[in-house]
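This report refers to the structure that appears directly beneath it.
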Amino acid sequence: MNILGIETSCDETAAAVVADGRRVRSNVVATQIALHRAHGGVVPELAARGHVTAIIPVIEAAMGEAGIGRTSIDAVAVTVGPGLAGALLVGMNVAKALAYAWRLPLVPVNHLEAHLYANWLVEPEPGLAPTPPPELPAICLLVSGGHTELIVIEDHGRYRTLGRTLDDAAGEAFDKGARLLGLGYPGGPAIQDAAAGGEPERFTLPRAWLGGSDDFSFSGLKTALLRLVAPYRLPDPPRRGDDGPFPAHRPPVLLPGTPVADLAAGFQAAIVDVLATKLARAAVREGAKTVLLAGGVAANRALRERVGAVVAREAGDLPVRVPPLSLCTDNAAMIAGAAFYALRRGEQVGWEAEVSPRLPLTESVDGRR
């Protein structure tokens, strides 16, 4: 079964074709990073406009890369939430049009659920047999710019959320930390690169253990970094009055000799330490058979290494699975992959379907889960 997936939840316009829920036949992503970097973060209105321009060429490229025509597509899948309302609407309306014109099922996909299914996808490698799917029940740490959740995957379509962030998501914390250090956007890769030459023990930064709960909190860490940076920061110059409706971001001006690398390394270590430790301990307590990472922050090298080390220490030889880097950040292959299992459960919608910008993982688009 070939499923065409469409993803427009935030600032990536993506389309992909996935066979039988696992084999990635194509995966095309048009990024808007350069557009939003000037503003220090995603501007929703600009993101929606960018999707309108890019979506048709991206879908055509995905079909061409897969080497198939529309008669070989068995269903159209699209992200319905969570995400930016204007951005989601672009993908939904195009998906509806294609499903209607091609007389195909329209499959709604929860963006968070799709991130989990990135661990089921395989990219063809000549001469190598595909890896088997993760063994269930599995525990997954979903970490992205908008979400940080600890989830038990009991079976396909059956999830239990153990904990989530009480304030900033991990990716959001990286973005804000990078902004404080003048490192630019997106913050995760910027912090990672700066931290590579730093000493994480130089500064004492807090870990929010929250009394041993499975929830997370990073706002206190962000405030601690703000206070450490303050002595090195020069006053911001006044803004002009002609910046327009989308003013450009102005990075802070730091004194020469500011220990940016050490601050970045300590900030990254504080985030990664809490994420990895809570994941490993929950995996042991819940009797998970596999440990999974998912979401854009799963691309962070320090997190991958720390999770592997802590799981080995706490749970012995419990397998750890992490998607390829290209499948950690927002993409449409994960949408098509998750849709395969959703379609088997009979989850499809009609032309009246709407987007749901705050859709939680534990609720399907029609409220049945």
Next on the checklist: Let me confirm something: among 223, 148, which residue is at negative phi, of a type in the set (Val, Ile, Thr) and open to solvent by 40 Å² or more (accessible area, probe 1.4 Å)?
Outcome noted: 223
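Given the options 87, 62, name the one that is in contact with a strand residue (DSSP E or B) (Cβ under 7 Å, 6 or more places away or on another chain) and open to solvent by less than 60 Å² (accessible area, probe 1.4 Å). So that I can check it myself, show each step before the final result.
Numbers: 87 fails: in contact with a strand residue (DSSP E or B) (Cβ under 7 Å, 6 or more places away or on another chain).
Criteria check complete, one pass: 62.
Looking at 353, 333, 315 in this structure, which one is of a type in the set (Gly, Ala, Ser), under 19 Å from the mean Cα position of the chain (by Cα) and surrounded by 14 or more Cβ atoms within 10 Å (Cβ to Cβ)? It would help to see each step written out before you state the result.
On the way: 353 fails: under 19 Å from the mean Cα position of the chain (by Cα); 315 fails: under 19 Å from the mean Cα position of the chain (by Cα).
It is 333.
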Checklist entry - Do we have any residue at all in the range 232-250 that's closer than 24 Å to residue 40 by Cα, surrounded by 18 or more Cβ atoms within 10 Å (Cβ to Cβ) and of a type outside the set (Phe, Trp, Tyr)? => result no
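Out of 181, 136, 166, 106, which single residue is over 20 Å from the mean Cα position of the chain (by Cα) and surrounded by fewer than 17 Cβ atoms within 10 Å (Cβ to Cβ)?
On the way: 181 fails: surrounded by fewer than 17 Cβ atoms within 10 Å (Cβ to Cβ); 166 fails: over 20 Å from the mean Cα position of the chain (by Cα); 106 fails: surrounded by fewer than 17 Cβ atoms within 10 Å (Cβ to Cβ).
That would be 136, the only listed residue that is over 20 Å from the mean Cα position of the chain (by Cα) and surrounded by fewer than 17 Cβ atoms within 10 Å (Cβ to Cβ).
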Item to check | First in the range 63-84 and on the phi > 0 side of the Ramachandran plot, second anywhere and open to solvent by less than 50 Å² (accessible area, probe 1.4 Å) and of a type in the set (A, V, I, L, M, F, W, C), Cβ under 7 Å, 6 or more apart | outcome: 81/88; 81/355; 81/359; 83/10
Checklist entry - Which of the residues spanning the range 113-133 are touching a Phe, Trp or Tyr at 6+ places or on another chain (Cβ under 9 Å) and either among the hydroxyl-bearing types (Ser, Thr, Tyr) or crowded, with 24+ Cβ neighbours inside 10 Å (or both)? => result 113, 116, 117
Item to check | Pair list, Cβ under 6 Å, 6 or more apart: the range 243-271 residue modelled with pLDDT of 95 or more, other residue open to solvent by less than 40 Å² (accessible area, probe 1.4 Å) and of a type in the set (Ser, Thr, Tyr) | outcome: none
Checklist entry - What are the residue pairs meeting all of these: first residue in the range 210-225, first residue in a helix (DSSP H, G or I) and at pLDDT 95 or above, second residue open to solvent by 40 Å² or more (accessible area, probe 1.4 Å) and not charged (D, E, K, R), Cβ atoms under 6 Å, and 6 or more apart or on different chains? => result 220/206; 221/206; 224/206
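The values are calculated or read from the model by the stated rules, or taken from the named source; none is laboratory data. Being a predicted model, the structure only gives us computed values, none of them experimental. As a convention, Cβ positions derive from the backbone with ideal geometry for all residues, glycine included, and neighbour counts pool all protein chains shown. Accessible surface areas use protein heavy atoms only, side chains included; no ligands, DNA or RNA. Shrake-Rupley method; radii C 1.70, N 1.55, O 1.52, S 1.80 Å.
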